[in-house]
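A short worksheet on the structure shown next.
The values are calculated or read from the model by the stated rules, or taken from the named source; none is laboratory data. Note that the structure is predicted; figures quoted are calculated from it, not measured. Methodologically, a virtual Cβ is constructed for each residue, glycine included, from the backbone with ideal geometry; neighbour enumeration extends over all protein chains shown.
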Amino acid sequence: MFAVNGEEVCGLVEPGCGLSSVRAKARRLLNASGIDNLARTEILTIINELGMNILRHAGSGEICLKIVGCGGRRGIFIVANDSGPGIGDLEAALQPGFSEDKGLGLGLAAIHRLSDEVRIATLIPHGTRVEVFKWIS
Ligand SMILES: Nc1ncnc2c1ncn2[C@@H]1O[C@H](COP(=O)(O)OP(=O)(O)OP(=O)(O)O)[C@@H](O)[C@H]1O
Ligand SMILES: [Mg+2]
């Protein structure tokens with residue numbers, strides 16, 4: 001569907017290093033893409049929530065992102081993958097305020113609000129994959 005017009009960057013999310021690798025790579029990619037500050041902040045927020053969920057609920061994983069082009073417009077495609085326990089009740093997990101871990105339960109809701117499309121595939125006890133697409137121009 002989308003023609004790739006940029007490199008893909010990936011960073012591990014793991015205890016100790018946390019999100020530092022993926023955050024640094026994302027910043028570089030976003031700076032090079034010349035997108036506006038609001039979209040940049042929103043994308044970094046999405047990456048932060050995806051990464052915090054990996055650290056908190058799955059332990060470790062990976063986040064990749066790339067700029068894609070479609071019909072003269074550009075978007076960003078972000079994929080977060082982990083091999084954690086999976087999400088037991090996905091419908092409940094998507095409700096704002098639902099948390100299985102004494103969190104605020106707002107992370108997945110925020111990701112939806114800031115994105116144009118979100119797809120979650122989760123398999124107990126094998127892991128979770130969250131795909132996010134957001135238009136940037
Ligand atoms: N990668 C994941 N692996 C396993 N479970 C997950 C994962 N991501 C989210 N969840 C489940 O979905 C629930 C809702 O996630 P969400 O990010 O909305 O809230 P939270 O992480 O609990 O709190 P907050 O993000 O507000 O600090 C989590 O409590 C957890 O049970
Ligand atoms: Mg969260």
Item to check | Residue, modelled with the lowest pLDDT, within the range 1-53, restricted to residues that are in contact with a Gly (Cβ under 6 Å, 6 or more places away or on another chain) and among the hydrophobic types (A, V, I, L, M, F, W, C) | outcome: Ala3
Checklist entry - What residue, of Gly69, Gly97, is surrounded by fewer than 15 Cβ atoms within 10 Å (Cβ to Cβ) and at pLDDT below 95? => result Gly69
Item to check | Matching residues, the range 34-49, being surrounded by fewer than 17 Cβ atoms within 10 Å (Cβ to Cβ), part of a helix (DSSP H, G or I) and of a type outside the set (A, V, I, L, M, F, W, C) | outcome: Asn37, Thr41, Thr45
Checklist outcome for this item: Within the range 99-136, restricting to residues that are free of Cβ contacts under 8 Å to residues at least 24 places away in the same chain and within 13 Å of ligand 2 (Cβ to nearest atom), the one that is nearest to Ser33 (Cα to Cα) is His112
Item to check | Answer from Ile87, Ile35, Ile46 - the residue that is farther than 22 Å from Pro15 by Cα and β-branched (Val, Ile, Thr) | outcome: Ile35
